[in-house]
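Report on the following structure.
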Amino acid sequence: MSLQIKHLLGLKDVSREDITAILDSADHFAEVLNRDIKTVPTLRGKTVVNFFYENSTRTRISFEMAEKRLSASPLNFSTSGSSVSKGETLRDTIQNIEAMKIDMVVVRHGSAGVPKFLTECTDATIINAGDGYHEHPTQALLDMMTIRQRLGKLEGLKVAIVGDILHSRVARSNAWGMKTMGMDVTLCAPTTLLPQHTESLGVKVTTKLNDAISDADVVMLLRPQLERQTHGLFPSVREYRTYYGIDRDKMNLMRDDALIMHPGPINRGVELESEVADCERSVILDQVTNGVATRMAVLYLLGGGEQ
Amino acid sequence: MKKGTIFSYTADFKNILIENGRIIDPSTNRDETGSIAIADGKIVAVGTIPADFSAERTIDAKGNWVVPGLLDLNVHLREPGREDKETIDSGTAAAAAGGFTGIAAMPDTDPVTDSQAKIRYICYRSEKSPCRVYPLGAATVRLAGEELAPFGEMLEAGAHAVAGSGKPVTHTAMIKNIMNYARNFDLPYFAHCEDTMLSGKGAMNESSLSSWMGLPGSPSVAEDIDVARNIALAAYTGAKLHITHVSTKGAVDQIRLAKQQGIAVTAETAPHYFTYTEEDLQGYIANRKLNPPLRQEADRQAIIEALVDGTLDVIASDHSPHTIEDKSGEFDHCRNGASGLETTLAASITALVKLGHLSPMELIRRLSTTPCDILAVNGGTLSVGSSADIAIIDPEKVWPVDTMQFHSKGRNSAFAGESLTGEVLFTILNGQIVFER
């Protein structure tokens with residue numbers, strides 16, 4: 001089995017067949033993760049570099065776990081900032097690492113387009129673990145895996161993504177991937193946390209929480225990135241919570257069987273009240289578990305491993 | 001693409017005869033096939049040549065345009081300070097290879113060109129250059145937007161205008177002072193119009209595409225607002241305002257209205273703004289990362305219309321050479337700007353003349369005659385008695401842009417790898433061949 005794509009840079013140009021293949025494979029690896037012996041030899045001898053230019057706990061650990069479960073050799077490179085602050089160009093850094101004979105690179109960077117740039121300077125397979133506000137494709141894949149696992153399908157489901165759409169790569173990857181899979185996506189945020197031009201985004205956009213969540217099969221919350229509130233994009237946490245935070249009362253506006261999702265980290269008491277985050281309809285920890293299986297599937301399918 | 005040869009200027013005059021060319025002279029609206037005779041650095045005959053003229057060099061210009069040497073109003077030469085990006089030698093060689101016999105050197109050097117000594121340095125360094133260099137003085141000390149630079153002393157040292165280059169003057173009262181003081185010396189003020197509070201860290205035009213590409217956007221209204229502010233102040237002070245690198249429909253509309261109202265405003269655009277849109281950045285092409293950024297199709301169309309109706313007076317390169325490392329890596333950290341001296345003419349022929357928007361005459365007016373008028377320098381003409389500043393152009397030659405053949409040190413062309421039409425064959429400066437392909 002192989003994919004049409006050679007690298008996973010984003011979901012924008014990934015076909016329905018490829019997404020389905022990754023999700024099917026992820027389901028398989030989820031079974032493996034339930035066994036006593038959770039490690040398979042599929043990527044033995046392959047070296048995967050986790051190239052993290054931005055702080056990350058969950059995603060980096062999830063990738064490293066996935067690599068170890070596949071018997072690959074992970075190599076961690078973590079720094080913060082950019083090549084400018086580091087004093088070595090990105091091309092030099094990646095080519096030096098490549099010269100040590102590596103096979104795949106998982107990259108997280110604060111600048112959009114860095115994974116694409118890396119494909120131009122190395123022969124290694126590149127997997128995007130989040131670039132600027134651009135894309136975070138494995139997050140969207142694990143979200144879709146979780147939805148399919150719980151609801152049995154993707155086609156035709158209604159998804160509301162609520163929160164800081166403007167700064168969210170998760171929202172962008174989900175919008176692309178979910179559109180491709182035939183899902184009905186609505187983005188919901190105050191106007192200042194939406195992109196300026198939403199007319200050609202190809203998804204529904206609303207500023208009214210009620211309109212977004214009342215008939216949704218899935219409600220996905222994104223945290224308002226409080227550290228980015230330098231330009232007065234919303235007046236206060238309290239006003240944000242009043243209009244866009246999900247508490248018990250707002251949950252009652254949703255359908256009884258709607259799933260509640262969040263890519264983490266949660267600002268408890270802002271976009272999600274603890275009682276809601278931890279309720280039985282919340283699949284937030286399933287997302288984390290499925291993250292490992294999804295990343296195993298991506299590494300396996302792009303890494304050319306034998307099963 | 002053939003690189004061609006540069007000859008430094010030595011004032012070694014030979015009699016030159018250019019035969020059978022299509023002579024295009026916007027200063028007299030002459031467009032006819034004929035010959036030009038050059039002696040002692042001057043044009044001595046146009047059309048029919050006296051029988052007793054004996055040439056030491058005869059150029060057969062059959063099928064080629066013979067036009068007044070071009071003048072580029074917006075060039076970043078980088079010397080002094082960033083000689084790794086460009087020097088006065090490499091930049092003027094690139095200019096000559098691009099058909100330019102004059103360039104206006106922007107003051108955003110390091111140190112900033114904000115005093116008579118620094119103006120004199122540029123004049124001294126360019127004495128033997130294959131192209132005339134007209135230094136522009138910084139409007140404010142260190143381009144910091146806080147104190148006036150000495151306009152009078154810079155003018156006497158050789159400055160031809162004052163400019164806020166590479167970044168705008170943000171303080172409105174300071175712009176008013178600049179304009180009023182520029183009026184004292186009848187100097188034009190070249191303004192970079194951008195509301196930096198709005199453009200912020202924008203790495204491309206703000207649009208749904210910037211949203212999908214995940215890049216911070218610089219909205220077109222950031223340019224529109226600052227154009228409006230500068231025009232209002234020009235109307236109020238009566239200063240001569242020249243707006244550099246116009247990229248938006250909103251700016252064009254305001255400049256058109258200002259001209260109808262008789263306000264003394266001129267404006268330029270650059271070839272990338274009438275050739276490309278933000279769509280052409282897809283794939284994070286750093287050589288097309290510019291400031292102002294590439295806009296949308298409606299803006300591109302408005303720029304072309306404004307060149308046609310004369311709202312935009314001039315095409316300038318905004319030549320911004322950078323090192324390879326400054327133009328690769330993280331897209332949002334890459335420097336803005338493109339190396340443009342060697343593609344401006346061909347890109348303009350390709351996008352404007354070949355597609356029927358401008359006649360050859362009107363194109364050359366925007367690249368030669370009008371820029372000379374704005375800078376109030378001689379040139380832009382092929383009339384008898386004027387300095388023989390001439391470019392000979394093959395308007396049909398199609399060539400691939402191979403940046404390794406550039407004379408400029410800046411390989412960062414927005415047109416790299418593209419095919420352009422129109423090639424400079426000869427550039428003649430004051431009667432001396434300074435470039436031959």
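Readers should treat all values here as calculations from the given coordinates under stated rules, not as data from a laboratory. Quick caveat: nothing in here was measured; it's all calculated off a predicted structure. With ideal geometry, Cβ positions are generated from the backbone for all residues, glycine too; neighbour counts draw on all protein chains shown.
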Taking only Cα atoms and a 10 Å spring cutoff, compute GNM fluctuations for chain B and point out the largest among B:VAL353, B:VAL66, B:VAL384.
-> B:VAL384
So how many Å³ per residue does the convex hull of the Cα atoms of chain B work out to?
-> 121 Å³
How many angstrom separate the Cα center of the range B:142-206 from the Cα center of the range B:269-310?
-> 24 Å
Within straight-line cross-link reach of B:LYS62, aspartates and glutamates at Cα separation under 17 Å, skipping those fewer than 8 residues along the same chain | B:GLU19, B:ASP25, B:ASP31, B:GLU32, B:ASP394, B:GLU396, B:GLU423, B:GLU436
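What is the order of B:LEU241, B:LEU290, fewest Cβ neighbours within 10 Å to most?
Least crowded to most crowded, the residues run B:LEU290, B:LEU241.
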With N denoting the number of residues in the range A:1-95, provide Rg(C-alpha) divided by 2.2 N^0.38 Å, to two decimal places.
-> 1.28
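Can you give the longest run of chain A that contains no trypsin sites (Lys or Arg not before Pro) sitting in a DSSP loop with at most 16 other Cβ atoms inside 10 Å?
A:45-100
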Step through the residues of the range B:116-129 one at a time and calculate ³J(HN,Hα) from phi using the Karplus curve (6.51 cos²θ - 1.76 cosθ + 1.60, θ = phi - 60°), rounding each to whole Hz and writing x for Gly and Pro.
-> 4, 4, 6, 4, 4, 4, 5, 5, 5, 5, 9, 4, 9, 5
When chain A is treated as a GNM, springs tying every alpha-carbon pair under 10 Å, which of A:VAL276, A:VAL185, A:VAL237 comes out with the largest mean-square fluctuation?
-> A:VAL237
Amide H neighbours of B:ARG132 under 5 Å, counting only residues 5+ apart in sequence or on other chains, H built in-plane at 1.01 Å?
-> B:GLY102, B:ILE103
A:ASN252 paired with A:CYS279, simple spin-label distance in nm, labels 7 Å along Cα-to-beta-carbon | 1.0 nm
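Taking 0.36 nm per residue of sequence separation and subtracting the Cα-Cα distance, how much length would be gained by fully extending the chain between A:ARG150 and A:LEU33, in nm to one decimal?
Using 0.36 nm per residue and subtracting the Cα-Cα distance, I get 40.4 nm.
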How many nm is it between the label spots at B:ARG229 and A:ASP13, if each spot is 7 Å from the Cα in line with the beta carbon?
-> 4.0 nm
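Tell me, what is the FRET efficiency for B:SER383 and A:THR191 to the nearest 0.05, using R0 = 51 angstrom and their Cβ-Cβ distance as r?
Result of the calculation: an efficiency of 0.30.
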Run down the lysines and flag those whose C-alpha is under 29 Å from the C-alpha of A:LYS101, throwing out any fewer than 8 positions away in its chain.
-> A:LYS6, A:LYS38, A:LYS46, A:LYS68, A:LYS86, A:LYS116, B:LYS327
For chain B, modelled as a Gaussian network with Cα springs under 10 Å, which listed residue fluctuates most, B:THR33, B:THR311, B:THR370?
-> B:THR33
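Scanning chain A for GluC sites (Glu not before Pro) in DSSP loops with at most 14 other Cβ atoms within 10 Å, what's the longest stretch left with none?
Between exposed loop sites, the widest span is A:1-87.
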Can you list the residues of the range B:49-81 with backbone N under 12 Å from a point 7 Å past the Cα of B:GLU32, pointing along Cα to Cβ?
-> B:49
From the phi of every residue in the range A:5-17, what ³J(HN,Hα) in whole Hz does the Karplus formula 6.51 cos²θ - 1.76 cosθ + 1.60 yield, where θ is phi - 60° and glycine or proline is x?
-> 7, 9, 10, 10, 9, x, 9, 3, 10, 9, 6, 4, 5
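For the range B:1-119, calculate the relative contact order in percent as a whole number, restricting contacts to Cα pairs under 8 Å that are 6 or more residues apart.
Across the range B:1-119, relative contact order equals 23 percent.
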Radius, Kirkwood style, for the protein assembly as shown when every pair of distinct Cα atoms is counted (Å) = 28.4 Å
Starting from the amide H of B:ILE243, placed 1.01 Å from N in the peptide plane, find each other amide H under 5 Å away whose residue is 5 or more places distant or on another chain.
-> B:ALA191, B:THR266, B:ALA267, B:GLU268
Between A:SER85 and A:ARG238, what is the spin-label point distance in nm, taking each point 7 Å from the Cα along the Cα→C-beta axis?
-> 3.4 nm
Check each of the GluC sites (Glu not before Pro) in the range B:202-281 and keep only those in coil by DSSP with at most 13 other C-beta atoms within 10 angstrom; list them in order.
-> none
Can you tell which of B:VAL384, B:ASN430, B:PHE100 lies farthest toward the positive end of the dipole of the protein assembly as shown, using +1 and -1 charges on the Cβ of basic and acidic side chains (Lys, Arg; Asp, Glu)?
-> B:PHE100
Spin-label proximity, B:ASN180 to the range B:142-159 - amide N less than 18 Å from point 7 Å beyond Cα toward beta carbon | B:145-152
Backbone HN-Hα couplings from phi across the range B:48-60 [Karplus 6.51/-1.76/1.60, Hz, Gly and Pro as x] | 9, 9, x, 4, 8, 6, 10, 9, 7, 9, 10, 10, 7
Relative intensity, log₁₀ I(q)/I(0), of the range A:137-284 from a Debye sum that treats every alpha carbon as a point, q = 0.19 Å⁻¹ | -1.16
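Using DSSP to define loop residues, name the trypsin sites (Lys or Arg not before Pro) in the range B:13-43 whose beta-carbon has at most 12 other beta-carbon atoms within 10 Å.
When the trypsin sites (Lys or Arg not before Pro) of the range B:13-43 are filtered for loop state and at most 12 Cβ neighbours within 10 Å, nothing remains.
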Considering amide H positions built from the backbone, and no H for Pro or chain starts, which residues 5 or more places from B:GLY217, or on another chain, come under 5 Å of its amide H?
-> B:ALA203
By a straight-distance test (C-alpha under 30 Å), which lysines pair with A:LYS250 as possible cross-link partners, with residues fewer than eight away in the same chain excluded?
-> A:LYS153, A:LYS158, A:LYS179, A:LYS204, A:LYS208
